[in-house]
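Down below is the structure, laid out as structure tokens.
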Amino acid sequence: MTASPLHDRRDKMFRRARLGLMIAALAPATAFAALLGYKFNLWPAGVALDVLTLKITPVLAVLGVFGALYAATAALSERRYAGSLGLAAVLVSAITIGAFGWHYVLARDARGGGDVSTDAADSPYYPERIMAQRTESRAPPVPALVGAGGCEVSFLPTQVAPGVVAYALDKAGFDVPAVGVGGGSGSLITFWYNRTYDAVVRVRPGRTDVRVTARDFSHDRGEACRLAKKIVAGMTA
């Protein structure tokens, strides 16, 4: 007994939609595999982020657009049997392209160069505890004087209370081991690629300054600036 032409056509459209979904999913699957490999120490962060995620995955994302279109045409022909796969392919491709678009916007608008301070002339210094951690992690030396590097973040013209400093640092994601009348400091390790940032808040009569410095300047992409803004916002909330 042979299959009917209608059954063959439905099966063909289903297989087309499935193939298109698989192509659309290549980019996010590669990005996830890159992160997973880094988490399990299969390759360093440079390979996971610079090579697999930022070089190979964008190419696969463009290929995924064609895969989504391929699946969508099959879904339009046989909505009942291939519609869900076609819709899934389009959604996966759209989310992937949107995520990379968002990433490149952040990279384009990055400010601060990984070291942001609200006082360019007399930037806050990190305590010995953080400087020792930076030396142990082989982070580049912290310059004595820095500016905001184009980051639009300003000091607070008031003397902030220790509790407010602790709240702002904690809300921005930093661990806060100690805070006093002169300010506080802490460090943050990002979830995705364990990027570490140090922050210090200096409190003086009539003025409170913030400084955030990445331990890896090359992959900052404006995150130090965004974190400094979060801390300032937390102290003004």
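The values are calculated or read from the model by the stated rules, or taken from the named source; none is laboratory data. Remember, predicted model here, so these are calculated numbers, not experimental data. Glycine gets a Cβ as well: all are built from the backbone with ideal geometry, and neighbour counts include every protein chain shown. With ligands, DNA and RNA removed, areas are computed over all heavy atoms of the protein, side chains included. Shrake-Rupley method; radii C 1.70, N 1.55, O 1.52, S 1.80 Å.
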Label-point separation, Thr73 to Ile95 (7 Å along Cα→Cβ), nm: 2.6 nm
Accessible surface ranking that places the most exposed of Ser137, Ser123 first, with a 1.4 angstrom probe: Ser137, Ser123
Cβ-Cβ FRET estimate between Asp50 and Ile189, R0 fixed at 22 Å, reported to 0.05: 0.70
Dipole magnitude of the range 34-120 about its Cα centre (Cβ charges: Lys, Arg +1; Asp, Glu -1), debye to nearest 20: 340 debye
In Å², nearest 10: area of Ser154 left accessible to a 1.4 Å probe: 70 Å²
Accessible area in square angstrom per residue, the chain, 1.4 angstrom probe: 54 Å²
Straight-distance crosslink candidates among lysines, where the alpha carbon sits under 24 Å from Lys229 and sequence neighbours closer than 8 are dropped: Lys171
All Cα pairs of the chain, percent lying beyond 27 Å: 50 percent
Over the range 37-139: Kirkwood hydrodynamic radius from C-alpha pairwise inverse distances, Å: 17.8 Å
Per-residue [θ]222 nm for the chain (sum of -39500 (n - 2.57) over DSSP H runs n ≥ 4, rounded to 500): -16500 deg cm²/dmol
Span-like helix ranges in the chain, DSSP H, alpha carbon extent 24 angstrom or more, Kyte mean at least -1.0: 5-24, 57-77, 79-108
Accessible area of the chain belonging to carbon and sulfur atoms, whole % at 1.4 Å probe: 65 percent
Potential extension, Phe217-Ser137 segment - 0.36 nm per residue separation minus Cα distance: 27.5 nm
Where Leu169, Leu91 fall by accessible area, highest first, once all protein chains stay in place (1.4 Å): Leu91, Leu169
Relative contact order (%) - criterion: Cα under 8 Å, at least six apart; region: the chain: 19 percent
Reachable aspartates and glutamates, given that their alpha-carbon falls under 19 Å from the alpha-carbon of Lys12 and they are not under 8 places away in the same chain: Glu78
Label-point separation in nm, Phe32 to Phe155, each point 7 Å along Cα→Cβ: 4.8 nm
C-alpha center-to-center spacing [the range 30-59, the range 159-220] in angstrom: 29 Å
